[in-house]
Ligand SMILES: [Zn+2]
């Protein structure tokens, strides 16, 4: 859709920016701990793992360029023992080698090093970790044979390459990396580049990989084990999907998708994929997501492998989106890299936006943009929930997209909803404002100008400004350099005038500092062509709107702001609902629910809207309602209001399920299939007796004949059965989970165990997290799922608190600061806030402070919201019942 642009260039010349505008990239001004007078250009690293001892020995030669004369070399190393060091062939005495708590390795040189080229050589030893940090191991059972196996993988972002070899481990120090590894003879090794040579040596074989182009250290990868692969080719690029033996064929879908996505990006970016090969590597553990290592992307295996026989449609969509996200990084992140972690959003916001754009392009039937309006289970979908980011961004604990990062822990904490999802939302808003073609032209200029180098956000805005001839940096600054976002208040005046006022939108945040934005607004009189207005001040207005016509702002919900309508505008909109597209209806639902959360409107405002919507089976619209009902249902656990509420909530959802039925029609749209399983799960959670009985029946039938239950319905049916399980059903689910070799079925079973609400069973489920039944990352997530789903966050916390050390040993670098605080976010009682404060003070590192603050805010918000909601809910439901009774009396007369 093209927008009519109401846009005055002249306005910009009199506007002054309130922001300390960021500078374009410059090497010497880039933040970081390492001095910039010595830069590495080429690494040659040799690693010899000892699988039995879970240690490794390494050696490396690093070509250096001294830009100034120096007396010492400072680089990074962590949990490495430096055995020997020499510079230009001269051995350094052990006494000058120092490692410290800042993760720095300092080599004091006997004499001043002249400017120019030098060679540093180091010998070192390190350890192979259990959690996905640095070099790590994974234990798994082999597909088909069931044999117990071990393999190795690596995870270096943000700051863990220094656990693998000493290096200048900050993204601005680009260098060529050439890796050699010694592995058992029957193993396959994978790294960023193709294997250059392989030779037999005592105790195995030595594999030498080609050198990478200049890149940041965190993008290195090393995976080795008893692996299999399938392959294809796209132009000059060799494509492979690599998995543990017996599983490679399950990568067929990913391999085909890879070829499709690669071609799209080659065209979109205007720069062809620069490496000779691209490997998609499935890991059976270590971490939960995916990592964009250049040329060798790693995935937790359920994010890559797809078995059409036992996988759901939802899994297929997840895989595509994750692939598209990680592959976008091969350009945005790998070819061009943010100079420092304060600009991480350049990597993640962009890859999230690009990945969704590409996924939506090839799969319009998945409603990618529409569904991102919904907060989702963060373990299932990456980087696509706009609403989740907006919920967090309205709180006092939010931060700007661009934020200062000083320490390694802060770098790891930067991987959050704001960085990914607000970044994505802002780019989408900007693209729809500048136009698709102009935006792409800007991206092409940016990549062409900065490939094999680093950038700041200013470089991106400069490229987009040149392509669009608009001051993108000035519009963008308010969105990326300050926290939060606005609400636009709409008021109908006399004579066709509509006045607009912007203010900061907050939830549970009194005395928030007032802020203003330059808002690329869109609006439409319902049924007419949309228009655009760049709102640059606190007040603005739209003219010539007929008094009896409904006006909708934020067309299709593409903007990252809320809208609050006055009563007149609201009544007109309610009257025009049937003429609004589904995108706009979902946007109205989301905004209205947010207004209720923010105490800007009563609960009745939301339910009135829900009840006035025309009957529909639109997935995103129904899922928004499901989300809200589910949130309220959880908030009411243990309260006397819950049963009454559940009855009302079921009355809102049942008609839709009755319309679409349990059985899929031939050639059904995927949206319909997704809606069916969402409704079954939701109605099950709302204790609908008919749905629960039906799920049990289908589960029993599945046990004798698995094919009787469609893969798409399994997660929902298992979850409902698990929720109301007795001990023998719990055991059945557990046995099924232990026996199956399907990753997805295993996950369905353990998810169902975690959903059990019987406290006796909750106590049986939690200890599974300490066993090796599940891969490490999945095991720690089990406790979180119990906290969220079982209705017993108290039991989950008691367990986690008592076993924290063992659980953290299974958590990767990104999870370490968030794990304990996140378990508190399911509480809604003030006393838990105090408990968390005390726990944090005694047990958590300073780096957890931001996560602790978020959890405290969430507890406080839930506690306040619960008190506010209960009487409103009672009144609304009782009012409904009264109205129904009156109605039925009338019809029975
Ligand atoms: Zn990413």
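The values are calculated or read from the model by the stated rules, or taken from the named source; none is laboratory data. Keep in mind that this is a model prediction, so the values were computed, not measured. Ideal geometry is used to build each Cβ from the backbone, glycine not excepted, and the neighbour counts take in all protein chains shown.
Pairs meeting the criteria (first residue in segment 418-433 and over 17 Å from residue 554 (Cα atoms) and in contact (Cβ under 8 Å) with a residue 40 or more places away in the chain, second residue within 12 Å of the ligand (Cβ to nearest atom) and outside any helix (DSSP H, G or I), beta carbons under 6 Å, at least 6 apart or on different chains) are 420/383.
If you go through segment 332-345 and pick out every residue that is part of a loop (DSSP other than H, G, I, E, B) and either surrounded by fewer than 23 Cβ atoms within 10 Å (Cβ to Cβ) or within 12 Å of the ligand (Cβ to nearest atom) (or both), you end up with 4. The residues of segment 555-583 that are crowded, with 19+ Cβ neighbours inside 10 Å, modelled with pLDDT of 95 or more and in contact with a strand residue (DSSP E or B) (Cβ under 6 Å, 6 or more places away or on another chain), listed by number, are 561, 562, 563, 564, 565, 569.
If residue 220 satisfies all but one of (1) buried (at least 17 other Cβ atoms within 10 Å of the Cβ); (2) touching a helix residue (DSSP H, G or I) at 6+ places or on another chain (Cβ under 7 Å); (3) over 14 Å from residue 179 (Cβ atoms), what's the number of the condition it fails? It is condition (3) that residue 220 fails.
Only one entry in 124, 173 is part of a loop (DSSP other than H, G, I, E, B) and either surrounded by fewer than 23 Cβ atoms within 10 Å (Cβ to Cβ) or modelled with pLDDT of 95 or more (or both), namely 173. Would you be able to tell me the number of residues in segment 267-323 that are out of contact with any helix residue (DSSP H, G or I) (no Cβ under 8 Å at 6 or more places or on another chain) and either touching a residue at least 40 places away in the same chain (Cβ under 8 Å) or within 16 Å of the ligand (Cβ to nearest atom) (or both)? Residues meeting the conditions: 9.
For the subset of segment 771-785 comprising residues that are under 13 Å from residue 803 (Cβ atoms) and touching a residue at least 24 places away in the same chain (Cβ under 8 Å), which member is surrounded by the fewest Cβ atoms within 10 Å (Cβ to Cβ)? Write out each step before concluding.
Here is the first cut: in segment 771-785, the ones under 13 Å from residue 803 (Cβ atoms) are 771, 779-780, 782-783.
When the remaining residues are screened for being touching a residue at least 24 places away in the same chain (Cβ under 8 Å), the result is 779-780, 782-783.
Working: 779: 21, 780: 24, 782: 23, 783: 25.
Here the answer is 779.
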